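The values are calculated or read from the model by the stated rules, or taken from the named source; none is laboratory data. If you're wondering where the values come from, they're calculated on a predicted model, not measured in any experiment. Positions of Cβ are generated from backbone atoms using ideal geometry, with glycine treated the same way; all protein chains shown enter the neighbour counts.
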Amino acid sequence: MRKSSELRPLQFRVLYRQFLLRVIDLEALSIQADIPRYLGQFGGVLIMFSVIYAFRAFVYIWDPSLAPQVRLSMAWSAEQSLISTMMLVVGLITVISWDATFPDRRDVMVLSPLPVTPRTILSAKMGASGAILGLAVLAFNVASGLAWPVVLGIPNGGFPGFLRCCAAFWFTMIAASAFLYCSVLTVQGVASLLLPRRDFLRLSAVLQLAAFGLFLGVYFTQPSITSPAAMGAPEMQNLLACSPSYWFFALFNQLNGSLPVQFTWLAWRAWIGLGMVVSGATASLLLCYLRTMKRTVEEPDLVARARGLHWTPRFGNVLQTAIVLFCIRSLARSRQHRVALAFYVAIVLGIALSSLQSRLSAAAPHGVTIEFILPTFTMMCIAVFGLRSVFSLPISLNANWVLRITQLCSTEKYIAATRRFILIFAVAPVWLVSALLSLSIRPLDQAAAHLVLLALLGWVLGELSLIGFYKVPFTCSYLPGKANFQFIFWGFLVGMIAFAVPYAEFEQGALHNPAKFAFMASALAGALFGLWDFNRRRAQSAILYFEEVPDAVIQTLGLSGIRP
């Protein structure tokens, strides 16, 4: 019999592969899912962002005709943007894989009877989480990690300057990623140690959503500092002291030898913060694996039902009410769906906060401008298509047979119920937020006209999102990689930008011209009716499906029944 010390590497490798693939909920996937291809598509998006930052370095900063002050301003702005975006990516990945590092009930129930030590489980989980974060950091900086040392290092020291800047760049990116990752682990570990498991699970869901909002809110509202004078302004000191992205920006310049002496204290905050969170995360993980693994099994995960009067609102007929309530409860009880929806909600709120900040900084109320139309247009697009993408993630696939055998109505009625949910929980919230932001617009008739067009636009986007959607939300298995994520992401981004600017310019002109406004409203209403009728007719002959399957590689010609 082989010794346990010889089995340990094999145990680690097996557990490492399992934990690495569990970044996506395996129970929600189609039987023919290709997870590595799906993760590779996400990596391709990050690589494209890295190429964009590298292009920005060579085009806007590697220009010998720029004055030194202009070059410094553009370099500082780009460095802050790159570090902030890197921390945002790591923060979002950490929140998405919120429970990937700590043991859950399934890990304890399956692995406890086996000769697997907690140390092996912890090592495999840390290795899997570190691999995901490492791949994200590498993909995001694969091009910019060479471009920025060339742009910043060679003009200030030749090849030795390039090597120093390259080492400073990669160390800063790894340190900033480790800081954010360990901060989340520390908060989770302390909460799991201090609270009973049921209370911890309830608080964990709140912390997860709050982290999403915090990361995206800070990213969208944090100002950019472009000069030492602006960085040393008295009103900026509290923000500098509280924002980790500025700490690591100062750390990068300290390691590169380009940090003014008066800001050394900011770099030391990065060193101290990194040491504190790494120590806190290490202690939290060790204590959780040594002390709370038994509590994971002994204490129940389910929360007792609250007593009192329970009232459920109606959202139309019986079927529509049932589908809408099923969607609401799916979002309420599923961590994966809450996280996915929170991502889009946080982006919408970040855009809204940025727009509110610009409105408050205005000297006096003014009319509807392109700068106001574009954010509301973007929020509506992200809310509608974000909620539509969450619909594709299933829940409780082992109970889908209940929905299959209880389909007593036509597919058209199920699609109508899904349409109602999109209008109530995607279009209506964004419209209300836009209405609140419009309170400072004068004259008010322009704000009212804009809200009318925005409501029509939201309904049109809702109908567009329903094209080809012939399934009950949250019930169809997920096939990652079937639709190329890279193509969808960049196609949606480029298409939205290309359409948003002409739309905003045309709407601004329509708000000052009644005939043009009537034409625009009529065009949106006509598009809405045409899409609604198209979806209704297609749904009449469609069949609900519950399993995603890839397209056949070999297409048959249907000639098997023909005799020569």
For residue 223, work out the one condition from (1) crowded, with 18+ Cβ neighbours inside 10 Å; (2) closer than 27 Å to residue 345 by Cα it doesn't fulfil. (1)
Tally up the residues in the stretch 490-545 that are in contact with an Asp or Glu (Cβ under 7 Å, 6 or more places away or on another chain) and small (Gly, Ala, Ser), please. 1
Could you check how many residues of the stretch 116-174 are of a type in the set (S, T, N, Q) and within 30 Å of residue 106 (Cβ to Cβ)? 4
Residue among 178, 241, 229 that is surrounded by fewer than 21 Cβ atoms within 10 Å (Cβ to Cβ), free of Cβ contacts under 8 Å to residues at least 12 places away in the same chain and of a type in the set (A, V, I, L, M): 229
More than 29 Å from the chain's Cα centre (by Cα), over 30 Å from residue 409 (Cβ atoms) and modelled with pLDDT under 75: does that describe residue 292? yes
Is it the case that residue 265 is of a type in the set (Phe, Trp, Tyr), touching a Gly at 6+ places or on another chain (Cβ under 8 Å) and assigned to a helix (DSSP H, G or I)? no
State yes or no: is residue 64 in a helix (DSSP H, G or I) and at pLDDT below 80? no
Looking only at the stretch 83-129, how many residues end up being basic (Lys, Arg) and either crowded, with 17+ Cβ neighbours inside 10 Å or outside any helix (DSSP H, G or I) (or both)? 1
Give me the pairs, please: first residue somewhere in the stretch 149-172 and over 12 Å from residue 252 (Cβ atoms), second residue anywhere and of a type outside the set (D, E, K, R) and surrounded by fewer than 15 Cβ atoms within 10 Å (Cβ to Cβ), beta-carbon distance under 7 Å, and either six or more positions apart or on two chains. 151/58
Considering only the stretch 133-164, state which residues are of a type in the set (Val, Ile, Thr) and under 30 Å from residue 100 (Cα atoms). 137, 142
Does the stretch 388-406 contain any residue that is among the β-branched types (Val, Ile, Thr) and modelled with pLDDT of 75 or more? yes
Is one or more of the residues making up the stretch 33-45 modelled with pLDDT under 75, in a helix (DSSP H, G or I) and of a type in the set (S, T, N, Q)? yes
Check whether at least one residue in the stretch 300-320 is closer than 29 Å to residue 201 by Cα, in a helix (DSSP H, G or I) and at pLDDT 70 or above, and report yes or no. no
What is the residue count in the stretch 463-497 for residues that are of a type in the set (S, T, N, Q) and either more than 29 Å from residue 540 (Cβ to Cβ) or modelled with pLDDT under 75 (or both)? 3
Looking at the stretch 189-203, which of the residues that are part of a helix (DSSP H, G or I) and out of contact with any helix residue (DSSP H, G or I) (no Cβ under 7 Å at 6 or more places or on another chain) is modelled with the highest pLDDT? 194
